[in-house]
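Trainee: Starting off with a structure, shown below.
The values are calculated or read from the model by the stated rules, or taken from the named source; none is laboratory data. This one's a predicted model, so the numbers in the text were calculated from it and none came from an experiment. FYI the Cβ positions are ideal-geometry reconstructions off the backbone, even for glycines, and counts take in every protein chain you see.
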Amino acid sequence: MVEAADVTHDEVITQIGQLADELGVRWVYYPRTVQLRGHRGAPDVLLAGPGGVAFAEVKTGTGLEPDQAVWRDVLQAAGARWHLWQPVSLWDGSVRGELQRLAAEPGHR
């Protein structure tokens, strides 16, 4: 069995992307290597489908940085769905459940 500590950030992102593609959910990942402008700490992943929009921060063994917590708070206060996904989120159904919600047509959830 694979331990959560053995799974890299990129592997989690890859699995999220594969599942999103399988379910027809649009997604984009903003790697740290991309030079973004604006406020630091934006979520790693933006997801969108007929069922709505969600943001996800992916962590593998570390906690949120202060700038990431600010983004979480602002997005949630605005009514957005924000998730902290870790390797275990792939196995416990958290990721699949959210992606299925996003893939569902309104009124069919």
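Trainee: Of the residues that sit in segment 51-96 and are β-branched (V, I, T) and part of a strand (DSSP E or B), which one is farthest from D10 (Cα to Cα)?
Mentor: So the residue we want is V53.
Trainee: Inspect all residues belonging to segment 16-31 and state whether any of them is of a type in the set (S, T, Y), in contact with an Asp or Glu (Cβ under 8 Å, 6 or more places away or on another chain) and outside any helix (DSSP H, G or I).
Mentor: yes
Trainee: Any chance segment 17-25 includes a residue that's among the charged types (D, E, K, R) and either modelled with pLDDT of 95 or more or in contact with a Leu (Cβ under 6 Å, 6 or more places away or on another chain) (or both)?
Mentor: Yes, the conditions are met somewhere in segment 17-25.
Trainee: Next up: Could you tell me which of the residues L99, L64 is surrounded by 14 or more Cβ atoms within 10 Å (Cβ to Cβ) and more than 18 Å from A20 (Cβ to Cβ)?
Mentor: L64
Trainee: Anything in segment 38-61 that is surrounded by 14 or more Cβ atoms within 10 Å (Cβ to Cβ), under 11 Å from the mean Cα position of the chain (by Cα) and not small (G, A, S)? List them, or say none.
Mentor: P43, D44, V45, L46, L47, F55, E57, V58, K59
Trainee: Residues in segment 70-96 that are surrounded by 12 or more Cβ atoms within 10 Å (Cβ to Cβ), under 18 Å from P50 (Cα atoms) and either over 13 Å from the mean Cα position of the chain (by Cα) or of a type in the set (V, I, T) (or both): how many?
Mentor: Summing the residues that are surrounded by 12 or more Cβ atoms within 10 Å (Cβ to Cβ), under 18 Å from P50 (Cα atoms) and either over 13 Å from the mean Cα position of the chain (by Cα) or of a type in the set (V, I, T) (or both) in segment 70-96 gives 1.
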